[in-house]
Amino acid sequence: MEIFVKILYLCIMEHYMNVSAFLIGVSTAFFAIFAIHILFFRKKRTRFQTVLGWIMAIWAVWNLKDIIITFPGMYRDEVLDWIMMIDGWSALTYTVFVFEVVMPGWVTLRKLFYLSLPFVIFTLLYIIEPAQWVIYAYAVFLWCFAWAIVGIGYVKMKHQLSYVRKNYSNIDDIDVSWLKPVFFFAIASQLSWLFASLYATVTTDIIYYVLTILLWLMVLRYSWNFCPVAVEIEGKGNNGHDATSAALPIPDGMLEQVVEEKRLYLEKTLTLTDLAAAMGTNRTYVSNYLSQVRRQTFYDYINQMRIEKVSVPLLKEHPEYTLEYIANESGFASISTFRRAFQKLLGKTPRQFITDSTPEP
């Protein structure tokens, strides 16, 4: 009976190691391919994209080191605990990524050093006293650390969303709303990692590696052309002085008159600063007028003008035109933004509007 149990155990472990080795290879290749492409083959890249490329490279190395557990005699508690200690450092990559999205340029080597101090302390503590209570304390710290980053990131994300909608008419490559599903997916991924670290099985490993790849695929999809925008202090010009002292409040109807006469809404990259310059005032007064008088953000107002002045007339007069053409003629940078803005304003999709506007034969 004892021999049978040993044989069964060896068979299970061999199957586990084969599955683990396969998953480790797939995930390592995934991160390595994207890291190489971003860092060596992407000719024009921003600081954010460079950071993303290095994160991919770090994750490739992190995943590759897990191959050690597939070696004979290495799948034991001491090795798994050390892997968990090392893997915990990956929380810093999430932190850098989130902060580069919502606070571009905030991360520096000095700040990264301070952020890494708790991880250094726990690692040194485990070297001095490799006890199980250190592992559990480390797990609690990582969970609290992750929620703190999510909390800070969510608050900054809301602030960033408000800022870009107040200042830009085209937010396709600067919109950070995609972070919402990423946050929830990241929490699920970290939960699976924590569970897989404390209770390693073939099933938990599969769940962890699949969730990790799906998480970073989502991140790469949304952030591939993303260009973070630094939030400026309200009412401050580029030189840091109060900009409101240089102009007078906007008379009623002046903004609408200037926008319509100059057809500024047709400019795909129109910003609040551009509009203020065309009016001979500053963006603080324009922003205040939009929020207090029109009860709209700059983004919503310009999109409304595009739809009312161009999109609706074109859809009524030329239902045969493609939506791509109408979106482009209306001043929208993408058809997806056109569809969202149209449905938000009129409560129906452009296709539904065409159907409702076409007279029955």
Q: Specify which of the listed residues (ARG110, ARG45) is at pLDDT below 90 and of a type in the set (Lys, Arg).
A: ARG45
Q. Residues of region 343-361 being in a helix (DSSP H, G or I) and of a type in the set (Val, Ile, Thr), which ones?
A. ILE354, THR355
Q: For region 118-165, name all the residues that are of a type in the set (Val, Ile, Thr) and open to solvent by less than 40 Å² (accessible area, probe 1.4 Å).
A: THR123, VAL134, ILE135, ILE149, VAL150, VAL164
Q. Mind checking which residues of region 166-184 are open to solvent by 30 Å² or more (accessible area, probe 1.4 Å), within 27 Å of TRP147 (Cα to Cα) and assigned to a helix (DSSP H, G or I)?
A. LYS180, PRO181, PHE184
(Q) So if I check each of GLN296, GLN304, which one is in contact (Cβ under 8 Å) with a residue 40 or more places away in the chain and within 27 Å of the chain's Cα centre (by Cα)? (A) GLN304
Q. Across region 307-333, what is the total count of residues that are open to solvent by less than 10 Å² (accessible area, probe 1.4 Å), under 15 Å from ILE354 (Cβ atoms) and in contact (Cβ under 8 Å) with a residue 40 or more places away in the chain?
A. 2
(Q) Show me the helices (runs of 4 or more DSSP H) entirely contained within region 20-117 in which 1 or more residues are open to solvent by 30 Å² or more (accessible area, probe 1.4 Å), free of Cβ contacts under 8 Å to residues at least 40 places away in the same chain and farther than 30 Å from VAL164 by Cα. (A) 47-65, 77-87
Q) Of these, ILE354, ILE302, which one is open to solvent by less than 30 Å² (accessible area, probe 1.4 Å), within 19 Å of TYR168 (Cα to Cα) and among the hydrophobic types (A, V, I, L, M, F, W, C)? A) ILE302
Q.
What's the total number of residues in region 115-144 that are more than 21 Å from TYR94 (Cα to Cα) and of a type outside the set (Phe, Trp, Tyr)?
A. 9
Q. Just for region 307-342: of the residues that are among the small types (Gly, Ala, Ser) and not in a loop (DSSP other than H, G, I, E, B), which one is nearest to the chain's Cα centre (by Cα)?
A. SER336
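The values are calculated or read from the model by the stated rules, or taken from the named source; none is laboratory data. Only a predicted model underlies this, so the values are computations on that prediction, with no experimental measurement involved. For neighbour counting, all protein chains shown are included, and Cβ atoms are generated from backbone atoms with ideal geometry for every residue, glycine included. For accessibility, only protein heavy atoms count, side chains too; no ligands or nucleic acids. Shrake-Rupley method; radii C 1.70, N 1.55, O 1.52, S 1.80 Å.
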